[in-house]
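The values are calculated or read from the model by the stated rules, or taken from the named source; none is laboratory data. Since we're looking at a predicted model, the values are computed, not measured. Glycine also receives a Cβ, built like all others from the backbone with ideal geometry; neighbour counts cover every protein chain displayed. When the accessible area is computed, the model is the full protein with side chains, heavy atoms only, and any ligands, DNA or RNA have been set aside. Shrake-Rupley method; radii C 1.70, N 1.55, O 1.52, S 1.80 Å.
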Amino acid sequence: MPFYGYGRTAVAAVCLVGGLGIFFEGYDQGVMSGVNISPSYIDLMNLGDGATGTVTKTQKEGGIVAIYYLGTLVGALAGGALSDRIGRNYAVIIAGFWGLLGQSLQAAAQNVNMMLCARILAGIGTGGIAAVIPVWGSELVGHDARGAVMAFEMTVNFAGISASYWLEYLLAFVNGGNTQVRWRFPLAFQMIFLVALMIMMLVMPESPRYDIGNGKRSRGRQTLANFRARGDLDDEMVVAEYEEIIAAVELESKYEAFSFWNMVTGHKSGDLHLGRRTLLATWLQVMQAWTGVTSVVVYAPTLFKVAGFGDHKSQLLTGFQNLVTMICCVLAIFTIDRFGRRPALIVGGFGQSLCFFLLGALSKVAADRNSASFGAAAGSFIFIYDFVFATTWLSVPWVYPTEIFPLVIRAKGNAFGIVGWSIGCGTVSLAAPSMFGALGPNAFYIHAVFNLLAVAIVYCFYPETACRTLEEIDLLFASETPFVWETEKRFKELKAQHVGLVRGEGFRKYGVDEEAKARVDGIEEVSKMEK
């Protein structure tokens, strides 16, 4: 028996190790919320008056935060390409070395230029890890658990954000918070998570889809057996999935090796329509950032101040807000695969928009009337937004890019999701200080309107991927038009005429258990199999 166990035990091991990487990503993203308000940091970076904790150079503050996402963009593309070439595990380890370099330089930063360089290097490491870990996890677990695994990883993501905040909150009481330890130690502390992740990836299994697609079929099949059938290589489900992956590899092999240019433009991708998939993966993450989460994560103390709370109470509420979000993420583990990706995004978008409209209105009234009760009401909608976001929009943009790309370029494809995350988070991080500084409570309406725009885009262009095998997705994107109603129509036609690419679970779904015992050898007509 492998050390990571069989079946659910193996899936739990993947969740824990993958969760460690995502925990680090969350910690690294959230740590700047406490760094930005440290007096020593404000003075050293010349952002304002450290004695009062007041930042007057908001664009400079935003620039230091945002340049990190330039690094994550580069790291995502490099990590995705490297992962498809040398494997998921080794790509994560290499990204970890970049992260260690960047984090150590951040903790030792002596001026703005050094901090900017360190943030770019740290971002490269984080971007590489964030691009590869979700793909690695989605390819190891069953198709009906991908969403739940990602929801778990998003839970630990916010656990990382919360851990960074509470650590910095406690350090604020050391010598009145006027120490360099208040911001240098949290930046250095996260290197522990990186080292642990790199060690664990050395002993965890490689993705079976990567192995099978790169000439290591026996090892890939054994990994499938360990995760699906307690090591039984001849189990009907293992055989069906193994042959299904081989069929997908052969189907995709008629296309040239895809470069990033092919993926962005769709050039020479034929019926795979890679340009469409790349745009969907990228834009979904951009939309997630602009639905308001980046403003809430990085500038939560500022938002509570805009809502009318004092400095200390704003910091305390931010800590509790992160804990609430982490707890709410648990709900998505049980709902994301059951209700699907599209319903979660559409319902969540409407709910988040309503939260920001009410948050803006109540904050404006609280400021005009100097009313503590209206301020409290406004602050409550930040918590309600966290609940809606955690159960809907948090996990889906992370799992969706891992589902929609062909095997041969899956890690490269997911990298474009991280590119979108980098663009979205970077632009919001850069704009938010000036946006809230200039508009005050009215800035909440920008996020409210963008949520409604996101709902319309999802409704028109994002097809459902929940509980569809990774190999079925090629059929889902075979339509010549990008509209959902056309893609679903074409998918049904192809399912009835051409490639099955459905493993045993899928056969049972259509009421033909006996066919799950047959090997799927290449391309067969589903109509013959259903007789």
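Between the helical axis of 112-140 and the longest alpha-carbon principal axis of the chain there is an angle of about 30 degrees. Hey, if you put +1 on the Cβ of every Lys and Arg and -1 on every Asp and Glu Cβ in the chain, which of Leu476, Asn157, Gly319 ends up farthest toward the positive end of that dipole? Comparing the listed Cα positions along the dipole, Gly319 ranks first. Helix 236-252 and the long axis of the chain differ in direction by around 80°, with both axes built from C-alpha atoms. The value for region 64-218 of Rg(Cα) / (2.2 N^0.38 Å) is 1.16.
Here the Karplus curve 6.51 cos²θ - 1.76 cosθ + 1.60, taken at θ = phi - 60°, turns the phi angles of region 269-285 into couplings of 9, x, 6, 6, 6, 5, x, 5, 5, 4, 5, 5, 5, 5, 5, 5, 6 Hz, with x standing for Gly and Pro.
The share of accessible area on the chain that comes from carbon and sulfur is 65 percent, using a 1.4 angstrom probe. About its Cα centre, the dipole of region 113-228 is roughly 280 debye, where the only charges are +1 on Lys and Arg Cβ and -1 on Asp and Glu Cβ.
If you take every residue apart from Cys329 with its C-beta less than 11 Å away from the C-beta of Cys329, what net charge results, scoring Lys and Arg +1 and Asp and Glu -1?
-2
Seen from Ser218, the other residues with C-beta closer than 13 Å to its C-beta sum to a net charge of +2, counting Lys and Arg as +1 and Asp and Glu as -1. Rounded to the nearest 20, the Cβ-based charge dipole of region 168-259 about its Cα centre (Lys and Arg +1, Asp and Glu -1) stands at 660 debye. Comparing Cα centroids, region 203-235 and region 323-364 end up 37 angstrom apart.
Over the chain, how many percent of alpha carbon pairs lie in each 20 Å bin up to the one with the longest distance? In whole percents, the pair-distance histogram is 23, 54, 21, 2.
Please say if region 312-384 is rounded, prolate or oblate, where rounded means a/c under 1.5 for a ≥ b ≥ c the square roots of the C-alpha gyration tensor eigenvalues, and otherwise the choice is prolate for a/b larger than b/c and oblate otherwise? Cα axes put region 312-384 in the oblate bin.
Cα gyration tensor of region 122-178, axes a ≥ b ≥ c as square roots of the eigenvalues: rounded (a/c below 1.5), prolate (a/b > b/c) or oblate? Oblate shape, in that a/c is at least 1.5 and b/c is the bigger or equal ratio. Pair-distance distribution of region 188-290: all C-alpha pairs, bin width 5 Å, starting at 0; shares per bin in whole percent are 2, 11, 13, 12, 12, 16, 18, 11, 4, 1. Per residue, the convex hull spanned by the Cα atoms of region 4-62 measures out at 86 cubic angstrom. The charge dipole of the chain, taken about its Cα centre with unit charges on the Cβ of Lys, Arg, Asp and Glu (plus for the first two, minus for the last two), comes to roughly 920 debye. Excluding ligands, DNA and RNA, the accessible surface per residue across the chain is 37 Å² with a 1.4 Å probe.
The three principal axes of the C-alpha atoms in region 29-146 carry coordinate ranges of 54, 28, 19 Å, sorted with the longest axis first. Principal axis analysis of the Cα atoms in region 269-393 yields extents of 61, 27, 21 Å, listed in decreasing size. For the chain, take the longest principal axis of its alpha carbons; what is the angle in degrees between that and the long axis of helix 410-439, to the nearest 10 within 0 to 90? With both axes taken from Cα atoms, the answer is about 20 degrees. Computed over region 389-470, the percent of Cα pairs more than 15 Å apart is 70.
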